[in-house]
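The structure under discussion appears below in the form of structure tokens.
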Amino acid sequence: MLSADRPDSALAAAGAAAHLDPASEWAYRLVSLAQERIGRLPEAVDAAERAVLLAPGSWAARLRLAAVLRHVPGRWDEAAEQAALAARFAPEEPDTHVLVADLDLLRAEHAEAARAYREALRLDPRHAQARVNLGLTLLRWERSRTHHDPAWPIDPRGTGQARRALEVWSRQTRLLVAVATAAVAVAALAFDRGPQAVLGGLAVLVLMAGLTVRQARRVRAWAYVPAMLVRDPWFGAAVAGGIVAVAAFAGWLALGSAPAGIAVVPGLRSGGLPWVGLLWAGLGGLAVLGWPVLAAVRSLAETWRGHPLRALTHFRQATHEHTALRNVGERAAFEESERDLAAGERAALRNAGVTLWVLLGRTWSVLVPLACAALVVEPLAAVATLAVPYPMLRAWRASRYGHDRWLAVAAGLVGAAAVGSAAGGGFGLVWGWRLGFGALGAVVVVFALRAARSWWKGVPGPWRASLIMCELPMGAEPTVVLTAQVRQAFGYARTVVLAYGDALGPGVAGAVATITASGELKVIAGAQAWEAIEADPRVAVFAADPLQRRFWVEVRGVALAGSDVLRVTPKQVLVGEFPGRHQRR
């Protein structure tokens with residue numbers, strides 16, 4: 001039911017299973033998954049915590065609890081602790097490393113996330129979530145709420161409201177400053193209305209004071225604002241830009257109302273101090289051009305952030321692995337893996353398209369200054385433009401991302417721009433220069449049209465904000481069941497051996513073991529084993545069946561210290577047969 005996207009039916013089935021067998025931690029994990037899918041986070045947390053209480057050594061229960069806790073404000077540290085325990089209990093399971101990496105990625109700790117994703121791919125090269133999210137790590141992706149630290153004990157909606165209020169204030173003030181500066185300058189210089197223009201500028205300052213008070217009242221999380229500005233540098237730059245724009249506008253007005261300022265235009269031209277005119281022009285330019293310059297710098301910085309070619313390699317592998325699985329006809333044997341790979345393929349295709357647009361932006365940002373420099377300094381240097389589009393065109397062809405026709409048109413225009421610039425510089429052809437610069441301008445038009453279409457239809461656009469994480473359900477693995485044969489072996493065994501690892505290597509100890517109704521082993525062993533298990537809880541419990549006499553059983557699992565016994569949660573069960581006399585020979 002969960003795989004068929006029917007969480008309500010899945011919740012009913014899992015709830016019935018938990019009612020029939022209250023000791024089944026697997027049922028509670030499935031209840032938690034269904035509740036999370038529906039959106040009932042408190043109930044999902046309760047069910048996951050119940051599963052951990054029933055099987056504290058279950059790595060799947062710890063993984064499920066960590067996966068749901070990361071969505072609860074103020075419980076991020078608990079989620080990280082549970083994910084670390086899951087990785088400690090089952091380092092051989094790729095999902096444990098993937099969740100640890102996801103938590104690192106959400107906090108923009110890209111180096112740690114990449115390390116954990118690579119460990120997961122070493123264990124399972126076909127893991128779709130690890131493959132896609134590793135590509136995001138290489139792109140140095142950050143989620144939309146960059147300003148909010150998930151570890152903060154405050155609801156993200158509180159910091160989000162504060163950010164919106166400050167962004168609106170910054171946007172309004174910068175727009176008012178730019179318009180007012182242009183209007184005052186035109187009125188003073190073109191129509192000789194300096195004093196009246198200055199009074200109008202002062203009225204704008206009063207209006208901005210009212211806007212500031214209005215937006216400040218909407219901020220309820222002032223204690224977190226400094227940390228928000230540090231965590232999101234572009235948000236901090238926008239707020240600082242608004243403050244600088246207001247200060248520059250006020251200084252510009254004060255300088256203009258001085259005797260040597262714009263109120264007395266002849267004084268500005270001849271009778272004032274020589275630096276007054278330059279300072280006045282600089283403050284005016286800062287007030288008017290600060291916003292577009294910041295936007296251009298941010299766009300350029302976002303374009304050159306990360307390693308898109310390496311990220312595209314992982315996105316491509318995620319889609320190719322899914323195709324290979326379908327081609328070999330393994331759908332019946334790998335139904336669950338097929339669904340995960342299909343979800344990973346969708347995320348990989350979307351991220352690949354955005355990454356190709358990022359590569360296109362890089363290529364365009366190199367071609368423009370190179371072509372301009374060649375036109376002004378040395379025309380023969382324009383021949384180098386032929387090599388600039390090659391990485392982008394090769395990546396576009398290898399990624400098989402052909403359903404975005406806008407991207408294909410833009411890529412063709414970039415190639416035409418390179419060819420035209422090279423022809424204009426190498427052979428002195430005027431039409432070549434015209435073709436090159438015309439194609440570069442057409443790329444901007446295509447991008448703008450593609451962005452407008454995405455905004456109008458509400459679909460992912462050609463920008464980094466359209467990148468998405470691949471988040472698959474975690475913690476649904478079935479519980480290891482101890483069969484009647486295994487229970488009989490431990491029930492009648494005369495000798496039980498507990499194997500563990502310590503600083504000196506593998507160790508064994510005699511033990512006494514029983515199996516509870518929930519399938520958990522309770523083991524009594526010596527103090528030395530307890531000390532070793534505190535460092536490494538992974539153990540193996542061995543018993544021979546005295547009734548059958550030829551069968552042995554080994555239960556591998558995780559041991560946690562209880563009040564007076566070790567509680568071992570099984571991870572794997574092995575059943576074998578002792579060799580006979582002819583086999584011993």
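Here 408, 381, 398 are screened, and the one residue that is of a type in the set (Gly, Ala, Ser), under 24 Å from residue 462 (Cα atoms) and touching a Gly at 6+ places or on another chain (Cβ under 9 Å) is 408. Kindly evaluate residue 60 against the criterion of being out of contact with any Cys (no Cβ under 7 Å at 6 or more places or on another chain), of a type in the set (A, V, I, L, M, F, W, C), closer than 25 Å to residue 533 by Cα and at pLDDT 95 or above. No: the conditions fail for residue 60. Scan the stretch 28-49 for residues that are surrounded by fewer than 24 Cβ atoms within 10 Å (Cβ to Cβ) and of a type in the set (Lys, Arg) and the total you get is 2. Residues that are of a type outside the set (Val, Ile, Thr) and either modelled with pLDDT of 90 or more or surrounded by 24 or more Cβ atoms within 10 Å (Cβ to Cβ) (or both) within the stretch 544-559 comprise 554, 556, 557, 559, listed in sequence order. The set of residues in the stretch 390-405 that are at pLDDT 75 or above and of a type in the set (Phe, Trp, Tyr) comprises 390, 396. Among the residues of the stretch 22-42, which ones are under 26 Å from the mean Cα position of the chain (by Cα), part of a helix (DSSP H, G or I) and of a type in the set (D, E, K, R)? 29, 36, 37 - these are the residues of the stretch 22-42 that are under 26 Å from the mean Cα position of the chain (by Cα), part of a helix (DSSP H, G or I) and of a type in the set (D, E, K, R). Return yes when residue 451 is more than 30 Å from residue 136 (Cβ to Cβ) and at pLDDT 90 or above and no when it is not. So residue 451 fails the test. Filtering the stretch 413-425 for residues that are surrounded by fewer than 20 Cβ atoms within 10 Å (Cβ to Cβ) and either free of Cβ contacts under 8 Å to residues at least 12 places away in the same chain or of a type in the set (Ser, Thr, Tyr) (or both) leaves an empty set.
For first residues located in the stretch 433-461 and surrounded by fewer than 12 Cβ atoms within 10 Å (Cβ to Cβ), partners that are basic (Lys, Arg) and lie 6+ apart or on another chain with Cβ distances below 9 Å form the pairs 459/453.
Does the stretch 344-355 contain at least one residue that is over 23 Å from residue 133 (Cβ atoms), at pLDDT 90 or above and touching a Phe, Trp or Tyr at 6+ places or on another chain (Cβ under 9 Å)? No.
Might you let me know whether the stretch 385-395 holds any residue that is out of contact with any Phe, Trp or Tyr (no Cβ under 7 Å at 6 or more places or on another chain), part of a loop (DSSP other than H, G, I, E, B), over 30 Å from residue 127 (Cα atoms) and not assigned by TED's automatic domain parsing to the domain that holds residue 106? Full working, then the answer.
Applying the first criterion (out of contact with any Phe, Trp or Tyr (no Cβ under 7 Å at 6 or more places or on another chain)) to the stretch 385-395 yields 385-395.
Still in the running and part of a loop (DSSP other than H, G, I, E, B): 388-389.
Then drop every residue that is not over 30 Å from residue 127 (Cα atoms), which leaves 388-389.
Now restrict to residues that are not assigned by TED's automatic domain parsing to the domain that holds residue 106: 388-389.
Among the residues of the stretch 385-395, at least one is out of contact with any Phe, Trp or Tyr (no Cβ under 7 Å at 6 or more places or on another chain), part of a loop (DSSP other than H, G, I, E, B), over 30 Å from residue 127 (Cα atoms) and not assigned by TED's automatic domain parsing to the domain that holds residue 106, which makes the answer yes.
If the condition is being in contact with a Leu (Cβ under 7 Å, 6 or more places away or on another chain) and surrounded by 17 or more Cβ atoms within 10 Å (Cβ to Cβ), then the stretch 1-27 contributes 2, 10, 14, 25.
Please indicate, with yes or no, whether at least one residue in the stretch 70-89 is over 27 Å from the mean Cα position of the chain (by Cα) and not hydroxyl-bearing (Ser, Thr, Tyr). No, that holds for no residue.
Yes/no per residue for (1) farther than 18 Å from residue 552 by Cα; (2) free of Cβ contacts under 8 Å to residues at least 24 places away in the same chain; (3) touching a Gly at 6+ places or on another chain (Cβ under 7 Å):
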{"residue": "476", "(1), (2), (3)": "yes, no, no"}
{"residue": "479", "(1), (2), (3)": "yes, no, yes"}
{"residue": "483", "(1), (2), (3)": "no, no, no"}
{"residue": "491", "(1), (2), (3)": "no, no, no"}
{"residue": "508", "(1), (2), (3)": "no, yes, no"}
{"residue": "513", "(1), (2), (3)": "no, no, no"}
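No other residue among 517, 484, 540 is within 23 Å of residue 26 (Cβ to Cβ), of a type outside the set (Phe, Trp, Tyr), exposed (fewer than 14 other Cβ atoms within 10 Å of the Cβ) and at pLDDT 85 or above apart from 484.
Scanning the stretch 185-231 for residues that are in contact (Cβ under 8 Å) with a residue 24 or more places away in the chain, of a type in the set (Gly, Ala, Ser) and closer than 23 Å to residue 156 by Cα yields 216, 221, 227. Whether a residue is over 32 Å from the mean Cα position of the chain (by Cα) and either over 30 Å from residue 357 (Cα atoms) or in a strand (DSSP E or B) (or both) was assessed, and residue 478 does not pass this test.
For (1) part of a loop (DSSP other than H, G, I, E, B); (2) surrounded by 24 or more Cβ atoms within 10 Å (Cβ to Cβ), each residue gets a yes or a no:
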site	(1), (2)
71	yes, no
80	no, no
88	no, no
95	no, yes
108	yes, no
122	no, no
145	yes, no
153	yes, no
165	no, no
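Residues in the stretch 522-535 that are surrounded by 15 or more Cβ atoms within 10 Å (Cβ to Cβ) and either without any contact (Cβ under 8 Å) to a residue 40 or more places away in the chain or under 35 Å from the mean Cα position of the chain (by Cα) (or both): 529, 532, 533.
Would you pick out the residues in the stretch 202-239 that are among the small types (Gly, Ala, Ser) and touching a helix residue (DSSP H, G or I) at 6+ places or on another chain (Cβ under 8 Å)?
Residues satisfying the conditions are 216, 221, 236, 237, 238.
Being of a type outside the set (Val, Ile, Thr), without any contact (Cβ under 8 Å) to a residue 60 or more places away in the chain, farther than 28 Å from residue 159 by Cα and part of a loop (DSSP other than H, G, I, E, B) is a description that applies to residue 4.
The values are calculated or read from the model by the stated rules, or taken from the named source; none is laboratory data. Because the structure is predicted, anything quoted here is derived from the model rather than measured. Counting neighbours? That spans all protein chains shown, and the Cβs are built from the backbone with ideal geometry, glycine included.
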